Amino acid sequence: MSFGAGCALHAARAGGVNAYAPAVDEPISGSARFDDLLAGILAEAEAADAASMDADIAEMERAARAESRLLDRLRGQRQASVELVGGGQVAGLIAAVGRDVVVMAADDGDWVIPAWGMAAVIDLRGGLREAATPSERLGFASVARAWARQRSVVRVLRVGAGPLDGTIDAVGADHLDLAEHDPGEPRRSEAVRRRVTVPLGAIAALRRR
């Protein structure tokens, strides 16, 4: 070894550093590195669990939505705006939702709208079925029979035909008999213009003032 090299090596050793290597940061201890690795694994596992849970919830919501019916969704609403088959729109509070019908209270009267009379529901919220209620057994025909017993004057909105005004005399399994008269008059024999039998499937809605 030359004298110059020997002096340089002696100086480096005296300084306590390796003069022939670049300066580097202090190495991470084994314990700190293990803690960092463990923390990373735990964070990744938690993120994976959260993603899996979100996916499960989304799948359950999709399955529930696939099995839900329109009336089931209306069951949890306080009010609705319904477009009728054949034209017209009813907006008001929902009084009851039965197995095939919605009963609503609007500014222009009480409405009974069968499921087949709905063309659309505007801004419907919610998607899960509400718990069953006694009114769920209510049917369109049973409401029409109740109005017939009360001798209520009604307007019958029909699909593809004009409305009829009068009093329901009787309700069968798939039709009703209407005594047609002016809506401002009670049902009297002399006031009845004609008697009309209407299939229930042809009725978009009934309205009682």
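For the range 94-202, which fully contained strands (runs of 3 or more DSSP E) count at least 2 residues that are of a type in the set (D, E, K, R) and crowded, with 17+ Cβ neighbours inside 10 Å?
153-158
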Q: Give me a count of the residues in the range 155-209 that are in contact with a helix residue (DSSP H, G or I) (Cβ under 8 Å, 6 or more places away or on another chain) and farther than 22 Å from Gly139 by Cα.
A: 5
Q) Name the pairs whose Cβ atoms lie under 8 Å apart, with the first residue in the range 51-80 and modelled with pLDDT under 70 and in a helix (DSSP H, G or I), the second of a type in the set (S, T, N, Q) and surrounded by fewer than 15 Cβ atoms within 10 Å (Cβ to Cβ), and 6 or more positions between them or separate chains? A) none
Q.
So, in the range 188-201, how many residues would count as being modelled with pLDDT of 95 or more and charged (D, E, K, R)?
A. 3
Q. Has the range 123-133 got at least one residue that is touching a Ser or Thr at 6+ places or on another chain (Cβ under 9 Å) and β-branched (Val, Ile, Thr)?
A. no
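This table checks each residue for (1) closer than 14 Å to Leu200 by Cβ; (2) assigned by TED's automatic domain parsing to the domain that holds Ile203; (3) among the hydrophobic types (A, V, I, L, M, F, W, C).
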| position | (1), (2), (3) |
| --- | --- |
| Asp100 | yes, yes, no |
| Met118 | no, yes, yes |
| Leu138 | no, yes, yes |
| Glu180 | no, yes, no |
Q: Scan the range 84-93 for residues that are closer than 16 Å to Val112 by Cβ and surrounded by fewer than 16 Cβ atoms within 10 Å (Cβ to Cβ) and jot them down.
A: Gly88, Gln89, Ala91, Leu93
Q) If we scan the range 115-128, do we find a residue that is at pLDDT below 95 and among the acidic types (Asp, Glu)? A) yes
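The values are calculated or read from the model by the stated rules, or taken from the named source; none is laboratory data. Keep in mind that what you see is a predicted model, and the values were worked out from it rather than measured. All Cβ positions, glycine included, derive from the backbone under ideal geometry; neighbour counts span all protein chains shown.
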